[in-house]
Structures are given as structure tokens and as C-alpha cells.
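Enquirer: Here you go, one structure.
No lab work stands behind these numbers, since they all come straight from the coordinates. Note that the coordinates shown come from a computational prediction; the quantities given were computed from them, not determined experimentally. Virtual Cβ from ideal backbone geometry, glycine too; neighbours counted across all protein chains shown.
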Amino acid sequence: MERGETFIDLHVKPVGIIANLEKPHALGLARELVGRLRKMRQRVFLERPLAEVLPGAEGGEVVDMARRCRLLVVFGGDGTILRVAREMYPHETPLLAVNLGKLGFLAAVRPAQLGEVLAVAVKGRFRITFHSTLEVDVLNRRQRQRGLVALNDAVVSRGPISRLTELELHVDGQFLNSYACDGMIISTPTGSTAYSLSAGGPIVVPEAGVHAITPICPHTLSNRSVIVGDRSVIEIRISNRPGELFLSLDGQRMIQLNPADRILARRGDYRVRMVSLPEGGFFELLRQKLRWQGRTFHAR
């Protein structure tokens, strides 16, 4: 993840608003934001489901919003952000994510901070963080699916049958290891605090140019996470598949795998740009979200 500042003239193009309407306060916050922006004489463009319950504003699909807007405000949790990041591809419109979920590593702005962020937005300057993505291909003799996008992770995992799967891991064309496991996680630095962390993978600082490869419940205890450079091409081959096997992208898009399939993952050209507050940082976010109670010690 890179950091930087950008100027956004909100008078030129509208502000897009996306809300997960399953969240209790999402509709009320979106309605309040529409009112604030109109008082500031800002144009608004709403995702279609939101426009249906907040009449008087133009509505459309996420990809259209990303193409037409200069900023997208998203009310929801990390799952909503992952959906929006996938649906807005290939546009890199900045996202201002307001956390209505529980943990919220991606949607890190609290509703109470929205007014403060909007005040900065009116001046046209944002602090932007750039999050890298994975580009994933599924290859076999009959068909090929290329250019699949994931912000957090690509996961190969078995279906409901509780049997070990045998997977081969290759990096840059070189064989690394065979795993008897429940599956394999390839995560970006952004995704290191998601499923990979739950499976025992490392926490990776967002600006690190690496990917983490973590086996899920490996049969051999010495099989641990491996960190590779994000320029590497990671390949997973299916050695033995006793039951159904799937590829999931960010836990949202699911593809059933065949025994001859090869899964290739690399860093994608597409980046997700997130608006962040000037105060705090990744380590403060870790302490807050993971409820770490550590304190610094000073020598006397």
C-alpha cells in the first residue's frame, strides 16, 4: 500500500453514496449525508437500491458510479467494501468507507467522524492509501478464466466433505512443497488481517510488497505460512481432490474447481484507493481492532 495526497474537485463530478441497507443505521446516515451535500451544493449519485428508497437523486450500478463520480462514500462493513472494490473494477475512484460493521479494518472511519472528513473534502484534499490487489487465473485444458480480482485473498478450499486435499505449490515456476490440508490462502497485505490471520498467517504491514501463502489446517505441523514478493507468480495445482474443491475471491465470489485446474495468482495492476484520516496509523488500528492491551515501558 502506498500513501499520498490528491486533489478532488467535488464541484466537477458528483459524490457517490453506497449503503448496505441491511445495516440498522445505514439508511439514516445516507439520508443525512445527502442532506449535508445538498446544502453544500454538491451533486449526489446513489447506488440503485439506495436511490429507490431515497427518491430525488440519480441512481446506478457501482461500476457506473465509479466511472462518473470523483468520490464514493460507502456505509457498511469490510464485506461491503470488498463488494464495491470488485464491482467498480477497473476504475480507481477513491473510497471513503464508514464502518457500520464489527471489526472494520477496511471501513475504518466511524460515523461520528464523517462530518470532519466532509469538511476536509470540501477543501478538495484527501489523504489516500493505495491497496494492491490479486489478479487470479484459473486454467485447464478446456477453458480459461483470466483476470479475476481480489482485494483481500484468493482461497482454495474443500466443500462440506471433511477429507484432506493434496495441493502442490509452485512459485515462479519452481516447485515449493506439497500440502495435505483443508485448503490454501493467498493473501495481499490488506488481506493479512482477514482469513489468513484466522488460519495462523502473519500480520503484514500494508505497504509491504509481499503476498502471504498460508495452508489451512495442514496435516504436517511444520507446514507454515510462506512470504513471497508480490512480483512472484504463485501457482496451486490439485494433486488429489477427494471431494468438491472451490476457489473463493474475498469470500464472495465462488468458482468450483476441476481436478486438472491450475490456479495462478499475481499482483494486479488494479489498485483500490481508500480515503484515510490524517491521525493514527496501521499499528494504532491493530491495537484498537485486535484489542491489544500492550503498553510501552521506559527505562528509569
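Enquirer: If the cut-off is a Cα-Cα distance under 17 Å, which aspartates and glutamates reach K23, setting aside same-chain residues fewer than 8 apart in sequence?
Expert: E32, E47, E52, D78
Enquirer: Also, quick follow-up: Counting only residues 5 or more places away or on other chains, whose amide H sits under 5 Å from the amide H of L46 once H atoms are built in the peptide plane?
Expert: Sorted by chain and number, the residues that satisfy this are I17, E58, G59, G60.
Enquirer: Taking the Cα centre of region 133-269 as the origin, how large is its charge dipole in debye, to the nearest 20, when only Lys and Arg (+1) and Asp and Glu (-1) carry charge on their Cβ atoms?
Expert: Dipole about the Cα centre, nearest 20: 380 debye.
Enquirer: Determine Rg/Rh for region 2-123; Rg is computed over alpha-carbon atoms and Rh is the Kirkwood hydrodynamic estimate from the same atoms.
Expert: Rg/Rh for region 2-123 comes to 0.92.
Enquirer: I've got another one for you. So what is the relative contact order of region 83-150, in percent, for Cα pairs below 8 Å that sit 6 or more residues apart?
Expert: RCO, region 83-150: 20 percent.
Enquirer: Based on the Cβ-Cβ distance from I227 to V63, what FRET efficiency comes out when R0 is 25 Å, to the nearest 0.05?
Expert: So, using R0 = 25 Å, E works out to roughly 0.15.
Enquirer: Amide H to amide H under 5 Å from I216: which residues, 5+ apart in sequence or cross-chain, H placed 1.01 Å off N in plane?
Expert: D182, G183, M184, I185
Enquirer: Please report D137, D182 as a ranked list, fewest other C-beta atoms within 10 angstrom at the top and most at the bottom.
Expert: Ascending number of Cβ neighbours within 10 Å: D137, D182.
Enquirer: May I ask you to derive the relative contact order of the chain, considering only C-alpha pairs under 8 Å and at least 6 residues apart, and to give it as an integer percent?
Expert: Reported relative contact order: 19 percent.
Enquirer: Run the numbers on region 2-123 and let me know its relative contact order in percent, using alpha-carbon pairs under 8 Å that are six or more apart.
Expert: 25 percent
Enquirer: Direction-averaged shadow area of the convex hull around the Cα atoms of region 133-269, nm²?
Expert: For the Cα atoms of region 133-269, the hull's average projected area reads 7.5 nm².
Enquirer: Given charges of +1 on the Cβ of Lys and Arg and -1 on the Cβ of Asp and Glu, with all other atoms neutral, how large is the dipole of the chain about its Cα centre, in debye to the nearest 20?
Expert: 620 debye
Enquirer: How large is log10 of I(q)/I(0) for the chain at q = 0.07 Å⁻¹ when the intensity is taken from the Debye formula with one equal scatterer per alpha-carbon?
Expert: -0.30
Enquirer: Quickly rank 73-85, 18-30, 107-119 as a protection proxy: mean count of other C-beta atoms within 10 Å, highest first.
Expert: My ranking of the peptides, most packed first, is 73-85, 18-30, 107-119.
Enquirer: Here is a follow-up. Considering the dipole of the chain built from charges on the beta carbon (Lys and Arg +1, Asp and Glu -1) around the Cα centre, which of N258, S187, V138 is farthest to its positive end?
Expert: Sorting the options by dipole projection puts first S187.
Enquirer: Roughly how many nanometres apart are two label points built 7 Å out from the Cα toward the Cβ at E116 and S178?
Expert: 5.6 nm
Enquirer: Can you give me the C-alpha center-to-center distance between region 92-145 and region 189-203, rounded to a whole angstrom?
Expert: Cα centroid of region 92-145 versus Cα centroid of region 189-203: 18 Å apart.
Enquirer: Turning to a different aspect of this structure: R163 to E92: extension gain in nm, 0.36 nm per residue of separation minus the Cα-Cα distance?
Expert: Extra length available between R163 and E92 comes to 21.5 nm.
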